[in-house]
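The values are calculated or read from the model by the stated rules, or taken from the named source; none is laboratory data. What you are looking at is a predicted structure, and each value in this text was computed from that prediction instead of being measured. Every residue, glycine among them, receives a Cβ derived from its backbone with ideal geometry; neighbour counts consider all protein chains shown.
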Amino acid sequence: MKRVLLGALLLALVIAVPGPAMARVDVSVNIGLPSIVFAEPPELIVLPDTYVYVAPDSDIDLYFWNGWWWSFWEGRWYRSRYYDRGWAYYRTIPSFYYDVDPGWRGYYRDRNWYGNRWNYERIPHHRLQQNWRGWKNNRYWERQRLWGVESYQPRPKQQIQELRQQRRQQYQQAPAVQQPIQQPRVQQPVQRQIQPRVQQPMQQPREKVQQQQKQLPREKVQKQQKESHGKPEKGDDDKKDRR
């Protein structure tokens with residue numbers, strides 16, 4: 001009996017929810033957000049000369065920096081507090097990206113960092129979450145681990161700044177990175193002002209006006225003739241008086 005009631009309740013809810021509303025919900029979910037799927041939390045490595053962590057096993061560029069997860073997806077940047085959900089659009093290029101060497105995947109495969117053996121350390125997800133802040137504040141990787149690079153020699157600061165500036169110019173010129181999301185412009189309908197219509201007096205045809213003007217003197221003459229015929233002459237009145 002309970003199953004029958006539950007089924008009837010679910011059926012009523014499906015019927016009550018309008019079709020367009022359900023369609024809107026389906027369309028709006030996860031549009032344009034990174035699709036990152038891991039069977040288990042990813043392991044990361046730290047890139048030398050930076051405190052940027054990358055996930056080398058991911059086909060998508062996935063970074064961890066300053067407490068945030070970052071991803072470059074379909075020409076736009078996103079960030080989240082979690083590696084697998086909660087992504088939000090980030091309007092500009094994050095500053096750490098100028099320190100990332102674009103050839104790091106090749107160096108990772110070869111275990112070589114600019115000609116020196118690179119003994120990188122794979123860092124579990126939970127360990128990174130617990131220690132990233134302390135590692136940064138204590139400069140752990142450069143002081144105690146030397147970034148895992150044998151015979152490591154730090155780069156001059158001037159060289160680092162020049163590389164940052166060079167990458168900044170390159171990335172800003174790339175259309176996929178440069179263009180932010182543009183909201184669609186809604187064109188307002190043009191409102192036409194209706195001018196009051198002034199009704200012009202009806203003009204009679206020119207021929208009719210001329211005909212009326214010609215008839216006016218004729219009618220006036222005829223009227224005068226009628227008046228003259230109806231009025232008795234002065235001599236006739238005298239004759240009547242004499243009789």
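Considering region 56-108 alone, what residues qualify as being under 25 Å from TRP135 (Cα atoms) and either among the β-branched types (Val, Ile, Thr) or part of a helix (DSSP H, G or I) (or both)?
Residues satisfying the conditions are ILE93, SER95, PHE96, TYR97, TYR98, ASP99, VAL100, TRP104, ARG105, TYR107, TYR108.
Which residues, taken from region 147-172, are at pLDDT 95 or above and aliphatic (A, V, I, L, M)?
The answer is VAL149, and nothing else.
Give the residues of region 109-167 that are surrounded by fewer than 15 Cβ atoms within 10 Å (Cβ to Cβ), in contact with a helix residue (DSSP H, G or I) (Cβ under 6 Å, 6 or more places away or on another chain) and assigned to a helix (DSSP H, G or I), sorted by residue number.
Once the filter is applied, which keeps residues that are surrounded by fewer than 15 Cβ atoms within 10 Å (Cβ to Cβ), in contact with a helix residue (DSSP H, G or I) (Cβ under 6 Å, 6 or more places away or on another chain) and assigned to a helix (DSSP H, G or I), region 109-167 yields only ARG164.
Which one of these is more than 22 Å from TRP147 (Cβ to Cβ) and at pLDDT below 95: ARG81, ARG76?
ARG76
Select from region 56-108 the residues that are surrounded by 15 or more Cβ atoms within 10 Å (Cβ to Cβ) and of a type in the set (Lys, Arg) and list them in ascending order.
ARG76, ARG79
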